[in-house]
Amino acid sequence: MRMRTNCVAILDIRSAEMTAVIGERGVNGTFIIKSKYTFSYDGFAEGELLDVENFISTVCDVVKSTLSGGGGVKSFYVGVPGEFLKLVNVDKVLSFPSAKKINANDCATLIEHCTPQDSEKWKTVRHSCLYYVLSDKRKVIDPRGAVSDSLQGKCCFYQCNTSFMGCVMTAFKRFREITSVNFIPINCAEAMYLVEPELRDECAVLLDFGYISSTYSVICGNGLLYSESFSVGIGHIAFYLMTELDIPFEVASTFLSTVNLNAKEKLTSIEECIYEGTSYKFSTAKLRDIIREGLDGICETVEECRQSFSGRNIDGKPLLVTGEGIKVVRGTAEHLAGRLVKSVEVIAPKVPYYDKPHFSSVLSLLDMALDDSNNS
């Protein structure tokens, strides 16, 4: 069986698991998922894979499972986590002898004239222009057809760590049927899919709250003005709970899903978890306080990211939050809002069944891969 031409295969690499999906577009903005396989692995932190062999082996396992279903998969689109990306923004102006109608070639020339050189460590895998400025100072997203004697663009280039790319390619080279591997920045895909164009035009702030790693991005137009990843996620809150209470990690993870930061239980309220025949009981108030302390550490990092971005005033912008970490502990969004003194909105795909934050990256990648496939 051959894969239908309107289907694509994507590999979403998160900080604790990876998911391979074959899908196509459905009706009314939905997707038809043909197959979906998820495998856990050791993850990454501080821009490094924690176990390279484990990573390569897991990529092989998830790709092998995908290929076993048939479908004639020949190419894959691989999502690049923020920790393995470098964002390069460049302002460039093209001047013309006289006013002319801007066309697609002019836009391509603008990009060509400011593309950064690849290096031993970084390779450009995608680019976009956040916005264009015409000679009459009008700012537009698509300048084609406009008349101007100059074309200025705020260009955005996404460079991927070559070591990460090498590990991915090492895995894919074991499958002779895969003839093409394309890399898509996850932060770019999420920004374009999850955030409405009207919000992007005015600048938006997005936090992808992950398991081991999270990414803070400032979105503008058709790209990113700023993006910073940091190795803190909901898994670290579980680890903090584990060390503070001297309990197994599995028990700490269970407590995360039972505590509600907004609830007002009695001071005598107790949470209990039975693991491998042993009962673990703790005061609900104590669990809540420890979890809040852990979340406060994430808030401090988010605030550092906000302060390090000086491009525009984003103080009044709400913090849009997605990712697998935001819904684990009930009341997390409200705690972030109170601690950051900022409006916090949880966003997710607007697709039935997949309308949850932990599906954000996989559907964002699927959406961008389908667009790329159609345009190729």
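The values are calculated or read from the model by the stated rules, or taken from the named source; none is laboratory data. What you see is a predicted model; the values in this text were computed from it and never measured. Using ideal geometry, Cβ is built from the backbone for each residue, glycine included, and neighbour counts are taken over all protein chains shown. In case anyone asks, the SASA skips ligands and DNA or RNA and just uses the protein heavy atoms, side chains included. Shrake-Rupley method; radii C 1.70, N 1.55, O 1.52, S 1.80 Å.
Local charge for Asn260 was computed over the other residues whose Cβ lies under 15 Å away, with Lys and Arg +1 and Asp and Glu -1, and equals +3.
On region 275-345, 45 percent of the accessible area sits on carbon and sulfur atoms, based on a 1.4 Å probe. Positive end of the dipole of region 218-304 (Cβ unit charges, origin at the Cα centre): among Leu256, Ile298, Ala238, the Cα lying farthest that way belongs to Leu256.
Between region 119-192 and region 41-96, the C-alpha centres lie 14 angstrom from each other.
Dipole magnitude for region 40-191: computed about the Cα centre from +1 point charges on Lys and Arg Cβ and -1 point charges on Asp and Glu Cβ, it is near 700 debye.
Using a 1.4 angstrom probe on heavy atoms only, work out the carbon and sulfur share of the accessible area of region 48-112 in %. Display every interim value, and only then the final one.
On the way: 1400 of 2980 Å².
Using a 1.4 Å probe with all protein chains present, region 48-112 comes out at 47 percent carbon and sulfur.
Want the number for Phe96 to Glu276: 0.36 nm per residue separation, take away the alpha-carbon distance, what's left?
Details: separation 180, 0.36 × 180 = 64.80 nm, distance 7.35 nm.
Using 0.36 nm per residue and subtracting the Cα-Cα distance, I get 57.4 nm.
Charging the Cβ of each Asp and Glu at -1 and of each Lys and Arg at +1, and nothing else, the dipole of region 185-250 about its Cα centre rounds to 140 debye.
Taking only the Cα atoms of region 112-226, the radius of gyration and Dmax are 17.1, 54 Å. Of the solvent-accessible surface of region 145-269, computed with a 1.4 Å probe and all protein chains present, 51% belongs to carbon and sulfur.
Selection among Ile219, Leu130, Phe164 by position relative to the dipole of the chain gives Leu130 as farthest towards the positive end (Cβ unit charges, Cα centre).
Relative contact order for the chain: 17 percent, from Cα pairs under 8 Å spaced at least 6 residues apart, divided by residue count. Secondary-structure-derived ellipticity at 222 nm for the chain, considering helices only, amounts to -10000 deg cm²/dmol, per-run term -39500 (n - 2.57) for DSSP H runs with n ≥ 4. In plain terms, if you count all Cα to Cα distances in region 148-303 and split them into 10 Å steps from zero, the share in each step is 9, 25, 24, 22, 15, 4, 1, 0 percent. Rolling a 1.4 Å probe across the protein heavy atoms gives the chain an accessible surface of 47 Å² per residue.
Just need the Rg to Rh number for region 245-376, please, alpha carbons only, Kirkwood Rh. Can you show the working numbers first?
On the way: Rg = 18.6 Å, Rh = 17.4 Å.
Using Cα coordinates only, the ratio equals 1.07.
Dividing the mean sequence gap of close Cα pairs (under 8 Å, 6+ apart) by how many residues region 215-325 holds gives a relative contact order of 23 percent. The H on the amide N of Ile247, modeled in the peptide plane, is under 5 Å from the matching H of no residue at least 5 residues off or on a different chain.
Assuming charge only on the beta carbon of Lys and Arg (+1) and of Asp and Glu (-1), the dipole of the chain about its Cα centre is about 1220 debye to the nearest 20.
Compactness of the chain was expressed as the Cα radius of gyration divided by 2.2 N^0.38 Å, which yields 1.07.
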